[in-house]
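For reference, the structure discussed in these notes is given below.
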Amino acid sequence: MAAKIKKGDTVIVLTGKDKGRKGEVLRVMPTENRAIVSGINMVQRHTRPTQANPQGGIVNKEATIHLSNLSLVDSAGKPTRVGFRVEDGKKVRFAKSTGDAING
């Protein structure tokens, strides 16, 4: 199954505490159906001091969010569903709302 959401895509959160916020996908975990989006679903992680981080303390970082709670953003800035079609012998993703092909 081809991925509807990929690393580098701009997505919008459909539900939850960050509903309506947009961000870039940093990482996708297809086996768990989850993704990490920049600035979305922030949690506080208590870390002990290490050589890489001698200070330790409380660090804010992004937690994963389920793919069903994300939607791709089309050229108009609205959430859209993703479809697949063949153009010039290549399978490409396209936004169902506008019909535009999605880069990547």
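Residues are listed down the side, and each one gets a yes or a no for (1) in contact with a Ser or Thr (Cβ under 9 Å, 6 or more places away or on another chain); (2) over 18 Å from Lys6 (Cβ atoms):
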site	(1), (2)
His46	no, yes
Thr50	no, yes
Ser68	yes, no
Leu72	yes, no
Ala76	yes, yes
Pro79	yes, no
Val92	no, no
Ala95	yes, no
Gly99	no, yes
Point to revise | Residues being of a type in the set (Gly, Ala, Ser) and part of a strand (DSSP E or B) - total across region 14-36 | key: 2
Review point. How many of the residues in region 18-35 are over 19 Å from Lys78 (Cα atoms), open to solvent by 30 Å² or more (accessible area, probe 1.4 Å) and not hydroxyl-bearing (Ser, Thr, Tyr)?
Key: 7
Point to revise | Subset tally (residues that are among the small types (Gly, Ala, Ser) and open to solvent by less than 70 Å² (accessible area, probe 1.4 Å)) for region 67-77 | key: 2
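From the list Lys17, Lys91, Lys96, exactly one residue is of a type outside the set (A, V, I, L, M, F, W, C) and in contact (Cβ under 8 Å) with a residue 60 or more places away in the chain. Which is it?
Lys91
When you scan region 37-104 for strands (runs of 3 or more DSSP E) that lie fully inside it, which ones turn up with 3 or more residues that are out of contact with any Leu (no Cβ under 6 Å at 6 or more places or on another chain) and closer than 19 Å to Lys17 by Cα?
Filter on region 37-104 gives 42-47, 57-62, 70-73.
Yes/no per residue for (1) surrounded by 13 or more Cβ atoms within 10 Å (Cβ to Cβ); (2) acidic (Asp, Glu):
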{"position": "Ile58", "(1), (2)": "no, no"}
{"position": "Lys61", "(1), (2)": "no, no"}
{"position": "Ile65", "(1), (2)": "yes, no"}
{"position": "Pro79", "(1), (2)": "yes, no"}
{"position": "Val82", "(1), (2)": "yes, no"}
{"position": "Asp88", "(1), (2)": "no, yes"}
{"position": "Lys91", "(1), (2)": "no, no"}
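The values are calculated or read from the model by the stated rules, or taken from the named source; none is laboratory data. What you see is a predicted model; the values in this text were computed from it and never measured. No Cβ is skipped: glycine too gets one built from the backbone with ideal geometry, and neighbour counts run over all protein chains shown. In case anyone asks, the SASA skips ligands and DNA or RNA and just uses the protein heavy atoms, side chains included. Shrake-Rupley method; radii C 1.70, N 1.55, O 1.52, S 1.80 Å.
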